[in-house]
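**Q** Have a look at this one.
Here, each number is a calculation from the coordinates, and none is a lab measurement. Quick caveat: nothing in here was measured; it's all calculated off a predicted structure. Positions of Cβ are backbone-derived with ideal geometry, glycine not excepted, and every protein chain shown enters the neighbour counts.
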Amino acid sequence: MKNLILNIVSKKIGMSLLLCSLMSVALMATPGEKKPFVIPELKEWKASGGYMTLGSHTRIVYDAGQPELLRIAGLMADDCFRMFQWRPEIVVGKPKAGDIALTLKPDRQLAKEGYSIKITDKVLLSAPQSEGIYWGTRTLLQITEQDDNYRLPKGEIRDYPDYPLRGFMIDCARKFIPLSYLQDLVKIMSYYKMNTGHV
């Protein structure tokens, strides 16, 4: 009986030591190393440590040779104002610290809707096509929304959808649904990178 009690006690002590060591390893990891929580989940995240901060000083920068990005920059600026009460200035040129740069750039590994984001002292969002740039802005908004100081963890993101059709269906035939509700629903769907609505 005495041996049984000693055996149980030693197992409990061993489990306690294991748990403590696992917790200390978890605490040693810096918060920025964790993959940012985004819906849908990011495909790839490589942390570089630390944070950069967005805010009223932030500009959205795009290349004059890529005018199709102006509309996406405008949508992101409007969303920043609606969500965070500051509106980034939209400019053509080179990004500075605190800026978000949008660039169309070929990348054979990313499909039509894929994008990559490099976060240093600025944010560099690139994609082969404008759809990818738009989805990348949704990722940035989701990450920014989670921090009261609008901080983004420094690192690199590569992301692309698993499915070409990602959507939502709502049955408007059996119950009246106001148009304003459907318009709001479309905005919510795009925030979560859904591209198809069926009414």
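**Q** For the range 104-121, give me each residue that is of a type outside the set (A, V, I, L, M, F, W, C), touching a strand residue (DSSP E or B) at 6+ places or on another chain (Cβ under 7 Å) and surrounded by 20 or more Cβ atoms within 10 Å (Cβ to Cβ).
**A** Those that are of a type outside the set (A, V, I, L, M, F, W, C), touching a strand residue (DSSP E or B) at 6+ places or on another chain (Cβ under 7 Å) and surrounded by 20 or more Cβ atoms within 10 Å (Cβ to Cβ): G114, Y115, S116.
**Q** For the range 78-103, give me each residue that is touching a strand residue (DSSP E or B) at 6+ places or on another chain (Cβ under 6 Å) and under 16 Å from G136 (Cα atoms).
**A** Matches in the range 78-103: D99, I100, A101, L102, T103.
**Q** From Y134, Y150, which residue is crowded, with 19+ Cβ neighbours inside 10 Å, farther than 14 Å from L104 by Cα and within 14 Å of the chain's Cα centre (by Cα)?
**A** Y150 is the lone residue from the list that is crowded, with 19+ Cβ neighbours inside 10 Å, farther than 14 Å from L104 by Cα and within 14 Å of the chain's Cα centre (by Cα).
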